[in-house]
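Asks: Submitted below is the structure of interest, expressed as structure tokens.
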Amino acid sequence: MRMHPNHVLASLLLSPALCLPLSAQKEPAAAKAGPDTAALATATKIPLAKAIDIARKAKPGIATTAELEATTDGTETVACYEVMLLGTDQVVYEVRVHAGTGKVLATELCTDAEDTAEVKAAAMLEHALPLARIASEAHGLLRGTCIGAELAAKKQRAEVTMWNHGRPVHAEFALADGSLLAAKCKPATGTKGDDDDDDDEAEEHDGAGEQHGGKKRESGDEDDDDEHEGGEAGEHHGTETPKPKRGA
């Protein structure tokens, strides 16, 4: 049975052979994992895609960004999804949806000029799948809890962040058909040597150009020489490392 290209890419996501440094790459704006992300992800009971649909029912429009965060519900701090959308009245709104119950906690006007401009630009993207559909595709392909999704107008791509066993997994999807373009993950938090080995242990897959017939993005392989030493460098570049002579 032939596997769909998206499932092939997803299965390769955690392969040790696909290790590349994250230091030279900017993380997606869809969701930035913090120290409380694990607790928030554990508290979720409804998927992000459903939260987006709930937000759109409360305030009809085009959703462009959704992110898991902490908020207050009365005197209690709870996990919620903040969904930003361009309403049918051409006004940008922030809708907060309780991540455990699906209750709409608040609907407010967006007062940040930069956020407003980004939402309007993303809402005007042509032939883009709905944000909820992108989040649903990501949930089906990648492991973990979807904690953020965004239609990125500048990149002409959709960005999704999953929370998988204590680490964020960042992925990019094509706007038109929701195909997986690239994915990368960081080492699990709280493991030994995280501070020193983040770049060496970070994993990434970026080969959508070959899978989907588009242009392959530059992955920075030419700059990887400094990331490997000794025999590892020789194996990486297809050359053998000279062995020391006896008695030297």
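Asks: For L181, what residues show an amide H to amide H distance below 5 Å, using hydrogens built from the backbone and excluding near sequence neighbours?
Replies: Amide H neighbours of L181, under 5 Å, 5+ apart: E172, F173, A174.
Asks: Give K57/K154; K57/K155; K45/K103; K59/K103; K59/K155 a once-over and call out the pairs whose C-alpha atoms are over 18 Å from each other. Please list the in-between numbers first.
Replies: Details: K57/K154 27 Å; K57/K155 28 Å; K45/K103 12 Å; K59/K103 13 Å; K59/K155 27 Å.
Those over the limit are K57/K154; K57/K155; K59/K155.
Asks: If you don't mind, there's one more thing I want to ask. Enumerate the calculated ³J(HN,Hα) couplings along segment 152-162 in order (Karplus 6.51 cos²θ - 1.76 cosθ + 1.60, θ = phi - 60°), each rounded to whole Hz, writing x wherever the residue is Gly or Pro.
Replies: Result, ordered by residue: 9, 5, 5, 8, 6, 8, 9, 10, 10, 10, 10 Hz.
Asks: Shifting gears a bit: What ranking do R133, R167 get, fewest neighbouring Cβ atoms within 10 angstrom at the top?
Replies: On the way: R133 16, R167 22.
Neighbour counts put them in this order, fewest first: R133, R167.
Asks: Show me 117-128, 58-69 ranked by packing, highest mean number of other Cβ atoms within 10 Å first. Each step should come with its number before you reach the end.
Replies: On the way: 117-128: 17.0, 58-69: 21.2.
The densest-packed peptide leads the list: 58-69, 117-128.
Asks: Highest mean first, what order results for 142-153, 44-55, 70-81, 95-106 on Cβ atoms within 10 Å?
Replies: Packing proxy ranking, top to bottom: 142-153, 44-55, 95-106, 70-81.
Quick note: the coordinates plus some simple rules give every number you see, no bench work behind them. Values in this document were obtained by computation on a predicted structure and should not be read as measured data. When we count neighbours, we look across all protein chains shown, and the Cβ atoms used for this are built from the backbone with ideal geometry, even at glycine.
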